[in-house]
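So the structure is just underneath, and the comments pick up after that.
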Amino acid sequence: AVLGSRAVSAPEQGTVERWAWDYVHGASLAAMLAPPAPPARWENAKTARRVASPGRPPELRVVRKAKKTRGLAGAEGRARALHAFLHHELQAAELMAWALLAFPETPLEFRAGLVRIAGDEIRHMRIYAEQIERLGFRVGDFEVRDWFWERVPTARTPASFVAVMGLGLESANLEHAASFAARFREAGDEEGARAQELVAREEIAHVRFGVAWFEAFAAPLAFDAWRRALPEPLTPLLMRGQPLQRDARRKAGQPDRFIDELESWSPEAPGC
């Protein structure tokens, strides 16, 4: 079972680990959107802390099943979509901090990279918050679902974590961001489209980070090795959008053969 946050003591004050701990347990929306800068000092002890669930500010109403975004022609539909994207970025930032705490035995370069990516995700949250306000709404006007938290912490190894985050959810966001940018543009919302395209460009580096560390922790990137590393019951079906953003995935270091197999993969295929 995943250890709850009460099963271990909090990290020492003034350390990167404590910064990550405080962010995951945060209950202030303002602090989640603009946390203090991470300190420079790391803990000497290698204490694994697997946080079971995040803190949540009162503005974010967590539900088991969030209302789907239907149309984007109206401002409310676009604001609802952006609100979901903001919450995805929040969960991504939290889960980078989660991995830092869960896998203290990993190289410092990996853990420092998690901190950098968390900072990017937090900045993306602010971009989406500004877009939501531009449309006349606020963060908290729509319900959210902690779906990433329901699945990602089942990763038992660093290789499994980067398989599901960098090579899975963040890779799929290359497609989702491009798709929604096109839909926003069709609705006449050029500013909202450009915001999503900016986020998608910056996600390429996050996917590249996942490729590099999957290969460091496991083996050269191959589709079957990656698929086996995904925490059950996750499958490649949720780790891609349509159509695949092949150029962006190549820039992120995914080989053509990997992309081809991802595109053709079906849960009904033999051996799947």
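The values are calculated or read from the model by the stated rules, or taken from the named source; none is laboratory data. Just so it is clear, the structure is predicted and the values come from calculations on it, not from any experiment. Cβ placement follows ideal geometry from the backbone for every residue including glycine, while neighbour counts extend to all protein chains displayed. Just so you know, the surface numbers come from the protein's heavy atoms only, side chains and all, with ligands and any DNA or RNA stripped out. Shrake-Rupley method; radii C 1.70, N 1.55, O 1.52, S 1.80 Å.
Summary table
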quantity: P(r) of the stretch 1-153 over all Cα-Cα pairs, binned every 10 Å from zero, in whole percent; calculated: 11, 40, 31, 14, 4, 0
quantity: Stokes-Einstein translational diffusion, the stretch 97-151 - Kirkwood Rh over all Cα pairs, 1.002 mPa s, 20 °C, in µm²/s; calculated: 159 µm²/s
quantity: Whole-number D in µm²/s for the stretch 161-203 (Stokes-Einstein; Kirkwood sum over Cα pairs; 4 °C, 1.567 mPa s); calculated: 123 µm²/s
quantity: Electrostatic dipole magnitude of the stretch 121-213 [Cβ: Lys, Arg +1; Asp, Glu -1; Cα centre; debye, to 20]; calculated: 300 debye
quantity: Whole-percent carbon and sulfur share, accessible surface of the stretch 1-152, 1.4 Å; calculated: 52 percent
quantity: Net charge dipole size for the chain [Lys, Arg +1 and Asp, Glu -1 on Cβ; Debye, nearest 20]; calculated: 460 debye
quantity: Computed helical MRE - 222 nm, the chain, DSSP H runs ≥ 4 contributing -39500 (n - 2.57), nearest 500; calculated: -17500 deg cm²/dmol
quantity: Probe 1.4 Å, accessible area per residue of the chain, Å²; calculated: 46 Å²
quantity: The stretch 98-197, relative contact order [Cα under 8 Å, separation at least 6], %; calculated: 20 percent
quantity: Two-decimal ratio, the stretch 82-233, of alpha-carbon radius of gyration to 2.2 N^0.38 Å; calculated: 1.07
quantity: Simple label model, 7 Å out from Cα along Cβ direction - ARG116 to ASP260, nm; calculated: 3.2 nm
quantity: Point-charge dipole on Cβ atoms (K/R +1, D/E -1) for the stretch 179-272, about Cα centre, debye to 20; calculated: 200 debye
quantity: Compactness of the chain as Cα Rg over 2.2 N^0.38 Å, two decimals; calculated: 0.98
quantity: Positive-pole candidate from VAL63, TRP19, LEU101, dipole of the stretch 13-101, charges at beta carbon; calculated: VAL63
quantity: Partner aspartates and glutamates for LYS67 [C-alpha distance under 16 Å; skip if fewer than 8 residues away on the same chain]; calculated: GLU76, ASP141, GLU143, ASP146
quantity: Distance from the stretch 13-79 to the stretch 124-167 (C-alpha centre basis), Å; calculated: 9 Å
